[in-house]
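Visitor: Quick one: this structure, given as structure tokens, is what I'll be asking you about.
The values are calculated or read from the model by the stated rules, or taken from the named source; none is laboratory data. Model, not experiment: these values are computed from the prediction. Please note: Cβ atoms are built from the backbone with ideal geometry, for glycine as well, and neighbour counts cover all protein chains shown.
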Amino acid sequence: EKGGYDYFMLKEIAEQPQAIADTLRGRLAETGEITLDEVRLTDQDLRDVDKVFIVACGTAYHAGMVAKYAIEHWTRIPCEVELASEFRYRDPVLDRSTLVVAISQSGETMDTLMALRHAKQQKARVLAICNTNGSTIPRESDAVLYTHGGPEIAVASTKAFLTQLAACYLVGLHLAQVRGVMYADEVAAVVEQLRGTPSKVDRVLEQMEPVRELARDLAEAKSVLFIGRHVGYPVALEGALKLKELAYMHAEGFAAGELKHGPIALIDQGTPVVCVVPSARGRGVLRDKVISNIQEVRARGARTVVIAEEGDDGVARYADHLIVVPPTPTLLAPLVTTVPLQVLACEIASARGHDVDQPRNLAKSVTVE
Ligand code: F6R
């Protein structure tokens, strides 16, 4: 049942290219038009949206953080992302022109469900992004976009995360298209890039041997820090979450630019710091800023694990360990940069002798608030 893999998690990591492709399938017309057929909101409803709130927990929240960058960039609608458990208790400003996007793999997470109910009481429109057909969250939403990731058995979320990202990109592009803020050819160009991501994930998966070796090296570390900027920041948070939940190690993700405001004091001789480097193309400025941040941590003795784009020859000199991923447009990059971090956490946990599929204290779906 594990398809020859030691753990469901490894099997699910390997299924990611297919899971992304399945989530995109049927929603991209040849013209580049995006159709979201399960969305029972009219185009006019979507044109009236003046604010988007994304609510979710854990890994799904990290997908929401990435989505905020894409949705604001493509649609020009203000978008906030909030932990579902915090959302309803602070009296958020919602009305019928607010679109609340609830992201949940299981569709049963109580915190997310309560946030959704609160949003509905305030007359907001609710769109669910969910992996489980007929579960409570999509049933109570005005609209649903299912991720077609297939069942996720391992407690730690992997393929659900990448499919949530794919679904969020579709929502962003659809909104931009309906509201006329992106031309059809611009949407089509992003769609083409999205279609190319499953084969890029495949290529990342083919190159995981150095990550396995690195995992054995890092298994005794006291703490591992993760840094990133822009969409690399939620990727850093996700890498740290995976390591905490599977390996029971202290791990923390930071916005790379925040380090100098305090957390850099944590860095000591040999502290492993995993650095997610943005694409050198497009917004090269982001990449250069992260390189300066890497230099800052190295100057304090950090041992750096650098995730960077193939062909970015300048980064090697800042990396004690270099992991390369295929070049991917900035906003879509989390689809590839997350993958080595999933494998790293899984292999470190396994090297420490833990049950990767059933980490202690955790359940696959969290149905209490
Ligand atoms: C982490 C993980 C959790 C879930 C979170 C939300 O690997 O699995 O953080 O992402 O509990 O669960 P769903 O998506 O089912 O609402």
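Visitor: I'd like to know if the range 152-170 contains one or more residues that are more than 20 Å from Pro234 (Cα to Cα) and of a type in the set (Lys, Arg).
Guide: no
Visitor: Would you mention how many residues in the range 142-159 are on the phi > 0 side of the Ramachandran plot and within 11 Å of the ligand (Cβ to nearest atom)?
Guide: 0
Visitor: Also: Of all the residues that make up the range 115-141, how many are surrounded by 19 or more Cβ atoms within 10 Å (Cβ to Cβ) and away from the ligand (no atom under 14 Å from the Cβ)?
Guide: Selection size over the range 115-141: 6.
Visitor: While we're looking at this one, here's another question. Report whether or not Leu162 is crowded, with 24+ Cβ neighbours inside 10 Å, part of a helix (DSSP H, G or I) and more than 10 Å from the ligand (Cβ to nearest atom).
Guide: Spelling it out, Leu162 is indeed crowded, with 24+ Cβ neighbours inside 10 Å, part of a helix (DSSP H, G or I) and more than 10 Å from the ligand (Cβ to nearest atom).
Visitor: While we're on this one: Which one is nearest to Val190 (Cα to Cα), of the residues in the range 264-280 that are under 21 Å from the mean Cα position of the chain (by Cα) and at pLDDT below 95?
Guide: My answer is Ser279.
Visitor: Which numbered condition in (1) modelled with pLDDT of 95 or more; (2) out of contact with any Lys or Arg (no Cβ under 6 Å at 6 or more places or on another chain); (3) not acidic (Asp, Glu) is the only one that Ala19 fails?
Guide: Looking at each condition in turn, Ala19 falls short on (2).
Visitor: Now, a different point. Please go through the range 231-276 and give me each residue that is in contact with a strand residue (DSSP E or B) (Cβ under 7 Å, 6 or more places away or on another chain) and either over 28 Å from Glu310 (Cα atoms) or free of Cβ contacts under 8 Å to residues at least 24 places away in the same chain (or both), ordered by number.
Guide: Across the range 231-276, the qualifying residues are Ala240, Lys244, Met249, His250, Pro263, Leu266.
Visitor: To continue, here is another question. Being surrounded by 21 or more Cβ atoms within 10 Å (Cβ to Cβ) and either assigned to a loop (DSSP other than H, G, I, E, B) or over 20 Å from the mean Cα position of the chain (by Cα) (or both) is the filter here, so list the residues in the range 345-356 that pass it.
Guide: Selection gives Ile348, Ala349, Ser350, Val356.
Visitor: Still on this structure, I have one more. Can you name every residue in the range 43-73 that is under 11 Å from the mean Cα position of the chain (by Cα) and among the β-branched types (Val, Ile, Thr)?
Guide: Selection gives Thr59, Val66.
Visitor: Look at the range 326-340 and say how many of its residues are assigned to a helix (DSSP H, G or I) and away from the ligand (no atom under 12 Å from the Cβ).
Guide: Count: 9.
Visitor: Exactly one of (1) in contact with a strand residue (DSSP E or B) (Cβ under 6 Å, 6 or more places away or on another chain); (2) within 16 Å of the ligand (Cβ to nearest atom) is unmet by Cys168. Its number?
Guide: It is condition (1) that Cys168 fails.
Visitor: When you look at Val190, is it hydrophobic (A, V, I, L, M, F, W, C) and within 16 Å of the ligand (Cβ to nearest atom), yes or no?
Guide: no
Visitor: Of Leu214, Leu205, Leu237, Leu243, which residue is of a type in the set (A, V, I, L, M), in a helix (DSSP H, G or I), within 16 Å of the ligand (Cβ to nearest atom) and under 23 Å from Asp355 (Cβ atoms)?
Guide: Only one candidate qualifies: Leu243.
Visitor: Next question. Can you tell me which of Ala56, Ala63 is more than 19 Å from Ala333 (Cβ to Cβ) and among the small types (Gly, Ala, Ser)?
Guide: None of the others qualify; the one that does is Ala56.
Visitor: Right, another one. So, of the residues in the range 36-80 that are over 20 Å from Glu152 (Cβ atoms) and among the polar types (S, T, N, Q), which turns out to be surrounded by the fewest Cβ atoms within 10 Å (Cβ to Cβ)?
Guide: By that ranking, first place goes to Gln44.
Visitor: When the residues of the range 246-262 are filtered to those that are more than 15 Å from Lys222 (Cβ to Cβ) and surrounded by fewer than 17 Cβ atoms within 10 Å (Cβ to Cβ), which remaining residue is nearest to the ligand (Cβ to nearest atom)?
Guide: Step by step, filter the range 246-262, then rank; the result is Glu258.
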